[in-house]
Amino acid sequence: MDKSISALNQFKDSLNNKEEYGNDGFQFNGLVEYKVAGQTTIEVLEVILIIGGFEPMIKLDIYEKGIKITKDDFHLDFNSRFANTEFDFNSAKPSIIITGKNSPKLGNYSVEITEI
């Protein structure tokens, strides 16, 4: 979990166009690349990154404006305390990569978010 929290903080520090969201969060537009079962779905969504507080997390598309990546078909909330969820920071892009394992909804999946 410490690795995931570190990755979230590195990602936050790499953001150039973030706006404050509540007391502990930031919001920005992100290019979201979702990979599930050999299929890739890409969409620009509003991303909320919550760093402070008890549970660091990422929330996608909280106002449900997405057309391809929706709550009916994909996970939109990612929490570092979930044992089957890991966050990794890619400093080359920069981006955050979320890896989920054994999800009852999706199986194994990965999500890469890059600020746009």
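The values are calculated or read from the model by the stated rules, or taken from the named source; none is laboratory data. These numbers come from a predicted model, not from an experiment. Here Cβ is always computed from backbone atoms with ideal geometry, including for glycine, and neighbour counts include all displayed protein chains. All accessible areas refer to the heavy atoms of the entire protein, side chains included, with ligands and DNA or RNA removed. Shrake-Rupley method; radii C 1.70, N 1.55, O 1.52, S 1.80 Å.
Testing LYS105 on (1) open to solvent by 20 Å² or more (accessible area, probe 1.4 Å); (2) assigned to a strand (DSSP E or B); (3) more than 22 Å from SER6 (Cα to Cα), one condition comes back false. Which one is that?
In the conditions (1) open to solvent by 20 Å² or more (accessible area, probe 1.4 Å); (2) assigned to a strand (DSSP E or B); (3) more than 22 Å from SER6 (Cα to Cα), LYS105 misses (2) alone.
Can you spot a residue in region 12-26 that is aliphatic (A, V, I, L, M), closer than 22 Å to ARG81 by Cα and at pLDDT 95 or above?
no
When you go through GLY100, GLY53 one by one, which is the residue that is surrounded by fewer than 13 Cβ atoms within 10 Å (Cβ to Cβ) and either touching a Gly at 6+ places or on another chain (Cβ under 7 Å) or farther than 16 Å from SER6 by Cβ (or both)?
GLY53
Scanning for something under 18 Å from ASN9 (Cβ atoms), surrounded by fewer than 19 Cβ atoms within 10 Å (Cβ to Cβ) and free of Cβ contacts under 8 Å to residues at least 24 places away in the same chain, does region 57-74 turn up at least one residue?
yes
Which ones in region 28-45 are in a strand (DSSP E or B) and open to solvent by 40 Å² or more (accessible area, probe 1.4 Å)?
Across region 28-45, the qualifying residues are ASN29, LEU31, GLU33, LYS35, GLN39, THR40, ILE42, VAL44.
So ALA92 ticks every box in (1) touching a strand residue (DSSP E or B) at 6+ places or on another chain (Cβ under 7 Å); (2) hydrophobic (A, V, I, L, M, F, W, C); (3) open to solvent by 30 Å² or more (accessible area, probe 1.4 Å) but one. Which box is left unticked?
ALA92 satisfies every listed condition except (1).
Identify the residue in region 1-19 that is part of a loop (DSSP other than H, G, I, E, B) and of a type in the set (A, V, I, L, M) and, among all such residues, is surrounded by the most Cβ atoms within 10 Å (Cβ to Cβ).
Step by step, filter region 1-19, then rank; the result is LEU15.
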